[in-house]
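Q: Below are the structure tokens for one structure; questions will follow.
The values are calculated or read from the model by the stated rules, or taken from the named source; none is laboratory data. Remember, it's a predicted structure, so these values are computed and weren't measured experimentally. Here the Cβ is made from the backbone with ideal geometry for all residues, glycine too, and neighbour counts use every protein chain on show. Please note that ligands, DNA and RNA were not included when accessible areas were found on the heavy atoms of the full protein model with its side chains. Shrake-Rupley method; radii C 1.70, N 1.55, O 1.52, S 1.80 Å.
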Amino acid sequence: MKKRIGKSVTTNTPGDTTEAARTGVREEGSTDGLPVAPELSLSLDAARMPLRSTLIDRRVLRIIGISLLLGVAAAVVAKVLMVLIGLITNLSFYGRWSTDFSSPADAVSHLGLWVILVPVVGGLIAGFMARWGSRAIRGHGIPEAMEQVLLNESRIPTRITFLKPISSAIVIGTGGPFGAEGPIIATGGALGSLIGQLLKVTASERKVLLAAGAAAGMAAVFSAPISAVALAVELLLFELRARSLIPVALACVTATGVRYLLIGSTPVFLMDHLAAPGGEALIAYVLIGAIIGLVSVGVTHLVYGIEDVFERLPVHWMWWPAIGAVVVGVVGYFAPLTLGVGYTNIDDILNGRLALGALGYLCVMKFISWSICLGSGTSGGTLAPLFTIGGALGAIMGMLLATYLPSLGVDPRIAALVGMAAIFAGASRALITTVVFAFETTAQPFGLLPLLGACTAAYLVSAVFMRNTIMTEKIARRGVRVPSEYKADYLERVLVRDMCEHDVVTLQADQTIGEVRDWIAGGRPAGQHQGYPIVDASGRVLGVLTRRTFFDPKWSPAATLGELIVRPPVVITMDHTLREAADHMVMENVGRLLVVDKGDTSKLLGMLTRGDLLSAHARRLKEGRRLRRQINLKTYRRMRARRRRQTQHAT
């Protein structure tokens, strides 16, 4: 064996040169070896190196263009859904042909007990549509969209695009205590997925289109583009990258612009001017948020407990929505304000138009109606009902504090706003979405600080007492693991130069397999590696061969190592990140990469293996778990005392 000058050791080895043998190596080469050079000319002209990642490329521009059109389509669909809800409401409760938005509550006085039958009819139709159309239209839509993103490459069945809005409009229009936001988010997502299935795109790009459609739908309904983007990031994309964020954001801007043209730019929930809260009031709002965070945990458990009760009923699930609708009708007869979407209820709560007793009654009855109806598996959203329940609770606490502790300076309207947002933040743990949504829909800047404090408190309480959320519990029960934290990729922060092996043992291309076998059998430490770079007489790297190749009986002991190299080079440079290296390994189906000089790709500088990637992760875990005191006060005081003594001695 010959020792190379520098960092490498050099040896030689051979092999059979037949085409059959070369094919065997090409097809049977394992991922722990990396043959690297073209068969005829042992050079790096065909070197395969990962492209440096870029934020935006031409395909992203194409997805952006599609997302702009998707934003327009989602806004139109949202408008159609609202018109359809208005039409069905007027037909069901008033017997008139009109698309104007009407509250079912005003019809209770003249319908009497017949009001109980109207939601039941809607529940029956929804059950039939789910049974013979698609079971996926059941529920509020967001968990189902999340499941398709996580498990099915964002492929939502085409029929959902049509069945979901129709079934939701029927349920809500016949008095179902739901909001339109869940269905339109699900419909917009289904529309984006449909476009992504019609076009030739990747699964990642299809996910972006699904999220863009869903977020655009929410932006069009509530005129809340920023919170819609946050919703897409927190509940659908599970990432924050320019190539996904930009298309979603532009789709939301487009959808909101279309809404401005069709409806206007007035905030959804108009409020009178709010004054900036004082310090004591701010503390009170945070405590209200924490209390409502506990309520959100209870609400989530109760909703899924009711769903479990329905699962045990001895009747087909097709009939469950009608059974739940009976409760909706009965509750609606005694509390008419619980019927329908209830956006006017939220408006009244935020502006202090309801008395204390009315708030408590509405809160309890709305919860009973909504939770049982949702647990029955019918189609509808959760946002508006939760806002009604949380807003009423917040307003109640705000009124009590304003009456008995007026020195705190608590405004019941801000308390209502805080309660409205905190219950959704706790139930969904979509913190940024909720805070920004409450601000966008009310346009009250002085509400932002109380909202941030209260929603964060609710988020904290929810995270302590509840593992899954109202959005993820359903699919978690089906074994779907939903990401709960979005962190920067650690491998993106580490360069190849920091983790690769610099002292690499190399073999020479003119050495024979027999020589290498004898060398390895000698038991030297340098001969215990799994793969070895092959270099020519001038030190230029040609490829990598593995121990398995050396001991393969198909190769003649007289064959040279250079004859065994059949693949183009797969290399990387010191300046690439470990993420780029890991992706390159996967794409090339190898377990180690040659690290070459950026200016001279024939110059071998090191080798990076899968073990090096695991070592990087080990360092990440160590940084996150090791407890160390960087500044020791006792040591600091001793150093100060020593310096004083030295100064005194010098003087």
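Q: Under 5 Å between amide hydrogens, which residues at least 5 positions from Thr378 or on another chain qualify, with H placed 1.01 Å from N in the peptide plane?
A: Gly139
Q: So, one more: Pairs to check: Lys366/Lys474; Lys207/Lys474; Lys79/Lys366; Lys79/Lys200; Lys200/Lys603. Give those whose C-alpha atoms are more than 31 Å from each other in this structure.
A: On the way: Lys366/Lys474 22 Å; Lys207/Lys474 21 Å; Lys79/Lys366 26 Å; Lys79/Lys200 29 Å; Lys200/Lys603 40 Å.
Pairs exceeding the cut-off: Lys200/Lys603.
Q: In addition: Using θ = phi - 60° and the Karplus curve 6.51 cos²θ - 1.76 cosθ + 1.60, what whole-Hz ³J(HN,Hα) does each residue of the range 74-83 get, with Gly and Pro shown as x?
A: Values, residue by residue: 5, 5, 5, 4, 4, 5, 4, 4, 5, 5 Hz.
Q: Under the classification rounded if a/c is under 1.5, otherwise prolate if a/b is larger than b/c and oblate if not, where does the range 215-256 fall, given a ≥ b ≥ c as square roots of the Cα gyration tensor eigenvalues?
A: oblate
Q: How much of the DSSP beta bridge set in the chain is antiparallel, as a percent to the nearest 5?
A: Numbers: 16 of 25 bridges.
Within the chain, antiparallel bridges account for around 65 percent of the total.
Q: Working only with C-alpha atoms, what are the Rg and Dmax values of the chain, expressed in angstrom?
A: 32.6, 102
Q: Let me ask something additional. Hey, can you grab everything whose amide H is under 5 Å from the amide H of Gly175? Only 5+ residues off in sequence or another chain; H modelled, so Pro and N-termini drop out.
A: Residues meeting the amide H criterion: Gly340.
Q: Take the alpha carbon atoms of the range 591-651, find their radius of gyration, then divide it by 2.2 N^0.38 Å using N residues; give the quotient. List each step's numbers first, then the result.
A: Working: Rg = 23.6 Å, N = 61, 2.2 N^0.38 = 10.5 Å.
Computed over Cα atoms of the range 591-651, the ratio equals 2.25.
Q: What does the C-alpha gyration tensor say about the overall shape of the range 520-570? Classify as rounded when a/c is under 1.5, otherwise prolate if a/b is larger than b/c, or oblate. Walk me through the numbers before you get to the answer.
A: Values: a/c = 1.68, a/b = 1.23, b/c = 1.36.
The shape class here is oblate.
Q: Between the helical axis of 242-262 and the dominant principal axis of the chain, each derived from Cα atoms, what acute angle in degrees is found, rounded to the nearest 10?
A: 20 degrees
Q: Given the convex hull of the Cα atoms of the range 237-282, what is a quarter of its surface area in nm²? Present the calculation step by step, with values, prior to reporting the outcome.
A: Values: hull surface 24.4 nm².
Value for the range 237-282: 6.1 nm².
Q: In addition: Over the chain, what percent of the accessible surface lies on carbon and sulfur atoms, probe 1.4 Å?
A: Working: 17600 of 28840 Å².
Using a 1.4 Å probe with all protein chains present, the chain comes out at 61 percent carbon and sulfur.
Q: What are the extents of the Cα atoms of the range 551-608 along their three principal axes, listed from largest to smallest and rounded to whole Å?
A: Projected onto the principal axes, the Cα atoms of the range 551-608 cover 39, 25, 16 Å.
Q: Another one. So for each of 600-612, 472-484 I average, over its residues, the number of other beta carbons within 10 Å; can you give me the resulting order with the highest mean first? Provide the component values of the computation, followed by the final result.
A: On the way: 600-612: 19.2, 472-484: 14.6.
Top to bottom by mean Cβ count within 10 Å: 600-612, 472-484.
Q: Let me ask you something else. Distance from the Cα centre of the range 597-647 to that of the range 262-298, in angstrom?
A: 45 Å
Q: Just want to confirm a number: the relative contact order over the range 105-253, from Cα pairs under 8 angstrom separated by 6+ residues, in percent. Before the final figure, lay out the partial values.
A: On the way: 214 pairs, mean separation 29.9, N = 149.
Answer for the range 105-253 is 20 percent.
Q: If you fit an axis through the alpha-carbon atoms of helix 383-404 and take the longest principal axis of the Cα set of the chain, what angle between them do you get, 0 to 90°, nearest 10?
A: The angle comes out at about 70 degrees.
Q: Leaving out same-chain residues fewer than 8 places away, which aspartates and glutamates sit with a Cα under 12 Å from that of Lys634?
A: Result set, ordered by chain and number: empty.
Q: As a test of the formula, what do you get for the chain when each DSSP H run with n ≥ 4 contributes -39,500 (n - 2.57) and the sum is divided by the residue count, at 222 nm and rounded to the nearest 500 deg cm²/dmol?
A: Working: 26 runs with 368 residues, N = 651.
The helix contribution divided over the chain gives -18500 deg cm²/dmol.
Q: Summing +1 for each Lys or Arg and -1 for each Asp or Glu, what net charge is found among the other residues whose Cβ lies under 15 Å from the Cβ of Ala281? Please report the intermediate quantities before stating the final value.
A: Working: positive: Arg413; negative: Glu280, Asp411.
Surrounding charge for Ala281 is -1.
Q: Also, quick follow-up: Could you sort 256-266, 156-166 so that the peptide with the highest average Cβ count within 10 Å comes first and the rest follow in order? Don't skip to the answer; put the middle values down first.
A: Numbers: 256-266: 14.9, 156-166: 21.5.
Ranking, from highest mean packing down: 156-166, 256-266.
Q: Taking amide H atoms as placed 1.01 Å from N in the peptide plane, list the residues 5 or more away in sequence, or in a different chain, whose amide H sits under 5 Å from that of Arg592.
A: none
Q: Still on this structure: Quickly rank 97-108, 341-352 as a protection proxy: mean count of other C-beta atoms within 10 Å, highest first.
A: In decreasing order of mean packing, 97-108, 341-352 become 341-352, 97-108.
Q: In µm²/s, what is D for the range 464-569 at 20 °C and 1.002 mPa s, where D = kT/(6 pi eta Rh) by Stokes-Einstein and Rh is the Kirkwood radius from Cα pairs?
A: My calculation gives 119 µm²/s for D.
Q: Same structure again: Residue-wise, which Karplus ³J(HN,Hα) couplings in Hz belong to the range 603-616, taking 6.51 cos²θ - 1.76 cosθ + 1.60, θ = phi - 60°, and x for glycine or proline?
A: Computed from phi, the couplings for the range 603-616 are 9, 7, 10, x, 9, 10, 10, 4, x, 5, 5, 5, 5, 5 Hz.
Q: Could you work out the relative contact order of the chain, using alpha carbon pairs under 8 angstrom and six or more residues apart, expressed as a whole percent? Please report the intermediate quantities before stating the final value.
A: Working: 1335 pairs, mean separation 148.2, N = 651.
After rounding, I find 23 percent.
Q: Cα-based Rg of the range 548-651 per 2.2 N^0.38 Å, rounded to two decimals?
A: Details: Rg = 25.7 Å, N = 104, 2.2 N^0.38 = 12.8 Å.
Dividing the Cα radius of gyration by 2.2 N^0.38 Å gives 2.00.
Q: Would you mind checking the tilt of helix 142-151 against the longest principal axis of the Cα atoms of the chain, expressed as 0 to 90 degrees and rounded to 10?
A: Around 10 degrees separate the two axes.
Q: Relative contact order of the range 104-167: what whole-number percent is it, with Cα pairs under 8 angstrom and at least 6 residues apart?
A: Details: 25 pairs, mean separation 20.2, N = 64.
Answer for the range 104-167 is 32 percent.
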